[in-house]
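Each remark here refers to the structure printed beneath this line.
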Amino acid sequence: QMEQLMEGISRIENVQLVSEESFFDRLVRGKRENGTYKIRLVNGLGDVEEIPPASDLSQLLHKIRPLITRVFLMKRLAGIQNPSPPFQISLEALDSKGKEGRRNFLLGENVAFEVKVGRPCYLTLLAQDTEGTIHILFPNRYHKDNHISQAGEVIIPSREMGFRLQFGPPAGKELVKAIATERPLDLKAMGVEGFNQVFARVRRSQMDIFVTRVEGALTHHGEGQWSSATIKLRSYKK
């Protein structure tokens, strides 16, 4: 049964099976017990992601596919880095007391992001949530102009911005990425939905295309015109 499972996983796009001794992103662990598959994915640090129990292989693969897709897109987003950044940029998470440096947050906690840029730029702040959906945190419905007029520190959201960011369920891993460019990114051309809500988002069916278009746009900008910073966060239940 495990051989059939691994064969099915190998057919998922962007998956390559390797031996346990090789470098890997995820190990598959689990068993079939009383007619039910109980599977876990374990990363190199020992973090465990439980797959909901499934009664047959097709159902199990249906549950595994979106998780692997999310992990792959998160890896691609994190990997968007300028090898020769023309200016400095840093990104930090701030808790409700303004304390920076935290990476673990309780569900329901508020969070803000401190971005420091080395020169005037256009700032785009992206977040991929625990379900894999990509949200555009900045610009947003309230602040469509994302031009940062001078070098220094920007807090998103600041007290004056009129909105809050809060960790909602389900608990898990999230990625936040700040991209600073000399010219604004054309988010509409990248398939981003309008600001009908506070934050625009990328439809799940378009996320792979969106990441590819971000990569292409930054390549078109040239190494001398953009910098980026990334942090990974984790939310948890009491």
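List of remarks:
- The orientation-averaged shadow of the Cα convex hull for segment 15-55, equal to a quarter of the hull surface, comes to 3.4 nm².
- Rolling a 1.4 angstrom probe over the chain with all protein chains present gives an accessible area of which 47% lies on carbon and sulfur atoms.
- The chain - Kirkwood radius from inverse mean 1/r over Cα pairs (Å): 19.4
- Each stretch of four or more DSSP H residues adds -39500 (n - 2.57); spread over every residue of the chain, this sum gives -6500 deg cm²/dmol at 222 nm.
- For the options 33, 193, 223, a Gaussian network treatment of the chain with springs between C-alpha atoms closer than 10 Å singles out 33 as fluctuating the most.
- Each part reduced to its alpha carbon centroid, segment 116-165 and segment 175-202 end up 10 Å apart.
- Pairs of alpha carbons in segment 139-238 whose separation is greater than 22 Å (percent): 40
- Note on residue 237: lysines with a C-alpha under 18 Å away, same-chain residues under 8 apart excluded, are 173.
- Taking the chain and dividing mean pair separation by its residue count, relative contact order in percent (alpha carbons under 8 Å, at least six apart): 21
- Size of electric dipole in the chain: Cβ of Lys, Arg +1 and of Asp, Glu -1, about Cα centre, debye, nearest 20: 520
- The alpha-carbon of residue 31 sits under 20 angstrom from the alpha-carbons of these aspartates and glutamates, leaving out residues fewer than 8 places away in its chain: 3, 7, 20, 47, 49, 50, 56.
- Of the DSSP H helices in the chain, those whose Cα atoms cover at least 15 Å axially and whose Kyte score averages -0.5 or more: 57-78, 207-221
- Segment 76-104 residues near the modelled residue 153 label - backbone nitrogen below 13 Å, point 7 Å along Cα→Cβ: 90-95, 98-101
- Annotation: extensible slack from residue 95 through residue 109 equals 4.3 nm (criterion: 0.36 nm per residue apart, minus Cα-Cα distance).
- The chain - accessible surface per residue (Å², probe 1.4 Å): 56
- 21 Å tail of the calculated P(r), segment 70-202, as % of Cα pairs: 41
- Computed over the chain with a Gaussian network model linking Cα atoms closer than 10 Å, the most mobile of 46, 98, 224 is 46.
- Above-threshold pairs, the threshold being 31 Å between Cα atoms, out of 63/116; 63/97; 188/238; 38/99; 75/144; 116/144: 63/116; 63/97; 188/238; 38/99
The values are calculated or read from the model by the stated rules, or taken from the named source; none is laboratory data. This structure is a prediction, so every number in the text was calculated from the model and none was measured. Backbone-built Cβ (ideal geometry, glycine too); neighbour counts: all protein chains shown. Side chains included, ligands, DNA and RNA excluded: accessible areas come from the protein's heavy atoms. Shrake-Rupley method; radii C 1.70, N 1.55, O 1.52, S 1.80 Å.
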